[in-house]
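Here is the structure we will look at.
The values are calculated or read from the model by the stated rules, or taken from the named source; none is laboratory data. Values in this document were obtained by computation on a predicted structure and should not be read as measured data. Quick reminder, even Gly has a Cβ in these numbers, built from the backbone with ideal geometry, and neighbours come from all protein chains shown.
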Amino acid sequence: MYKVKKRSFKPNKHPVLYNILENYTDYDPPGNVMVCATTEPENLPQHAKVLAESYDIPLETMTGLLQKGGVFVYPQTGLLVTRGLFLCKIDSSGQNPTHTWLLDMEQYAQAEQLCRSYGFSLEEAAANVFYRSLPPVLQTRLRQKNLGLDYSTMDPAIARGGDIKYIDFRKDWSPYFKRKCVMPDGRLIETSGIEDFADFHGISCQEARDLFDSGGTIELKHGGVLACQVINGQPSVARFNARQYAQAKTFAHDTGQHIMDALSHVALNDPILMRALQRAAGPDS
């Protein structure tokens, strides 16, 4: 009898969304972006899913934008316009990669002014406003083929893909970009998108967005607090339990310092938290 050898099945390879990541977040807003690009063929369903989740745009709408290009203006809620627009720019000649980005409210207002004053289309105006906001070094590189990258020195797996297919200019707190939160016991907890973070800490998604955008504190239901400092556009989050928060409030009251400074004082005097913060900051801190 012959023994039949079972064929082993390899798990499906996870689709590659980006294989080139360049960080420009140290530049002043609104040009503080991450350049997220790929030389791999676009996996449209995966690409659309991640961007739709990141920017709170319906999946069907996002899929259409990535296929045909165009602008998505966030609908007005209530009496005030509180969000800007998302744009996907596709080069009809196929010579340049597709670009996607988000304009904040101030940039959106500038684009609207260009439309009124010079007769630009909204897409033209949004592109004008966005590109001129980018760091000069990035503006120069965007005028070069494939960002001016030297393919002879790149990872062969990336270079084999050929030209860059698309570039997403991102600075959102999305499922693709994971963040670490220092917990009261010194653990570093990694969460992914807004919803994941909000669910883990028992707060609303809007509260989480406001925390990442502006920094500050959010009191938690069980007596603790979340504290976030935004440095160079990057949020750094720590959670304090009720005891630590009470210490910080007492210190703030006694010294007249801001609660964020008081929380920093508590962290600096807690050896477990201090070691965790140093790990989160990385070896060069």
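Considering the range 32-48, and only residues there that are under 13 Å from the mean Cα position of the chain (by Cα) and at pLDDT 90 or above, the residue that is nearest to Arg132 (Cα to Cα) turns out to be Val33. Here Tyr108 fits the description: among the hydroxyl-bearing types (Ser, Thr, Tyr) and either without any contact (Cβ under 8 Å) to a residue 40 or more places away in the chain or loosely packed, with under 15 Cβ neighbours inside 10 Å (or both). State yes or no: is Ala127 touching a residue at least 40 places away in the same chain (Cβ under 8 Å), of a type in the set (Gly, Ala, Ser) and buried (at least 16 other Cβ atoms within 10 Å of the Cβ)? Judged against the criteria, Ala127 is a match.
Considering only residues in the range 63-101 that are of a type in the set (Lys, Arg) and either modelled with pLDDT of 90 or more or assigned to a strand (DSSP E or B) (or both), the one that is surrounded by the most Cβ atoms within 10 Å (Cβ to Cβ) turns out to be Lys89. Checking each residue in the range 134-174 for being among the polar types (S, T, N, Q) and touching an Asp or Glu at 6+ places or on another chain (Cβ under 9 Å) picks out Asn146, Ser174. Checking each residue in the range 50-61 for being farther than 16 Å from Ile167 by Cβ, in a helix (DSSP H, G or I) and within 15 Å of the chain's Cα centre (by Cα) picks out Ala52, Glu53. Filtering the range 28-49 to residues that are assigned to a helix (DSSP H, G or I), in contact with a Ser or Thr (Cβ under 8 Å, 6 or more places away or on another chain) and either crowded, with 17+ Cβ neighbours inside 10 Å or among the hydroxyl-bearing types (Ser, Thr, Tyr) (or both) leaves only Ala48. Based on what the data block shows, is Thr153 surrounded by fewer than 18 Cβ atoms within 10 Å (Cβ to Cβ) and among the β-branched types (Val, Ile, Thr)? So Thr153 fits the description; yes. With respect to (1) at pLDDT 95 or above; (2) surrounded by 16 or more Cβ atoms within 10 Å (Cβ to Cβ), the lone exception for Glu60 is condition (2).
Within the group Leu59, Leu85, which residue is in contact (Cβ under 8 Å) with a residue 12 or more places away in the chain and in the same structural domain as Leu149 (by TED's automatic domain parsing)? Of Leu59, Leu85, the one residue that is in contact (Cβ under 8 Å) with a residue 12 or more places away in the chain and in the same structural domain as Leu149 (by TED's automatic domain parsing) is Leu85.
Within the range 236-256, the set of residues being outside any helix (DSSP H, G or I) and loosely packed, with under 15 Cβ neighbours inside 10 Å comprises Gly256 only.
Scan the range 210-233 and give yes if some residue there is at pLDDT 90 or above, assigned by TED's automatic domain parsing to the domain that holds Gly186, assigned to a helix (DSSP H, G or I) and within 19 Å of Asp185 (Cα to Cα), otherwise no. Scanning the range 210-233 turns up no residue that is at pLDDT 90 or above, assigned by TED's automatic domain parsing to the domain that holds Gly186, assigned to a helix (DSSP H, G or I) and within 19 Å of Asp185 (Cα to Cα).
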